[in-house]
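The values are calculated or read from the model by the stated rules, or taken from the named source; none is laboratory data. Since this is a predicted model, take the numbers as computed values, not measurements. We place every Cβ from the backbone using ideal geometry, glycine too, and count neighbours over all the protein chains shown. What goes into the accessible areas is simple: the full protein's heavy atoms, side chains included, and nothing from ligands, DNA or RNA. Shrake-Rupley method; radii C 1.70, N 1.55, O 1.52, S 1.80 Å.
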Amino acid sequence: MISLHDGQCGLCSHFGESHPDQNLIQIRSSKSAPEDFVDDCGHPRHATLHLKVTPISGCDGFAPAMAA
Ligand code: SF4
């Protein structure tokens, strides 16, 4: 598992936005994620590109997700 910090995709509301599930809730609440986890970025400026990001990726579109 890798630890997550504010500003990283794993804690962003756009991470996996189109299909919220238990994995994302777990990642947000524990602020950690499996090393090989990848999911969609749902940010309007990335969604049409089907951008895939890891929990430790990031961009200036970061918007903090509500912790579970
Ligand atoms: S790429 Fe940017 S907008 Fe998309 S999930 Fe990561 S921090 Fe959020």
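Data table
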read-out: Search result, residues across segment 8-37 that are within 15 Å of the ligand (Cβ to nearest atom) and hydrophobic (A, V, I, L, M, F, W, C); value: C9, L11, C12, F15, L24, I27, A33, F37
read-out: Residue pairs meeting the criteria (Cβ under 6 Å; at least 6 apart or on separate chains; first farther than 17 Å from L24 by Cβ, in segment 36-54; second part of a helix (DSSP H, G or I) and not acidic (D, E)); value: none
read-out: Residue ID - nearest to I2 (Cα to Cα), chosen from residues in segment 12-31 that are in a loop (DSSP other than H, G, I, E, B) and open to solvent by 60 Å² or more (accessible area, probe 1.4 Å); value: K31
read-out: Hits in segment 32-50 (condition: open to solvent by 40 Å² or more (accessible area, probe 1.4 Å), part of a loop (DSSP other than H, G, I, E, B) and either under 15 Å from A63 (Cα atoms) or out of contact with any helix residue (DSSP H, G or I) (no Cβ under 9 Å at 6 or more places or on another chain) (or both)); value: E35, D36, V38, T48, L49, H50
read-out: Inter-residue pairs, beta-carbon under 8 Å, first more than 13 Å from A63 (Cα to Cα) and in segment 2-23, second open to solvent by 30 Å² or more (accessible area, probe 1.4 Å) and aliphatic (A, V, I, L, M), 6+ apart; value: I2/I56; L4/I56; S18/A47
read-out: Top-ranked residue of segment 51-61 - restricted to ones that are assigned to a loop (DSSP other than H, G, I, E, B) and closer than 19 Å to I2 by Cα, ranked as farthest from the chain's Cα centre (by Cα); value: C59
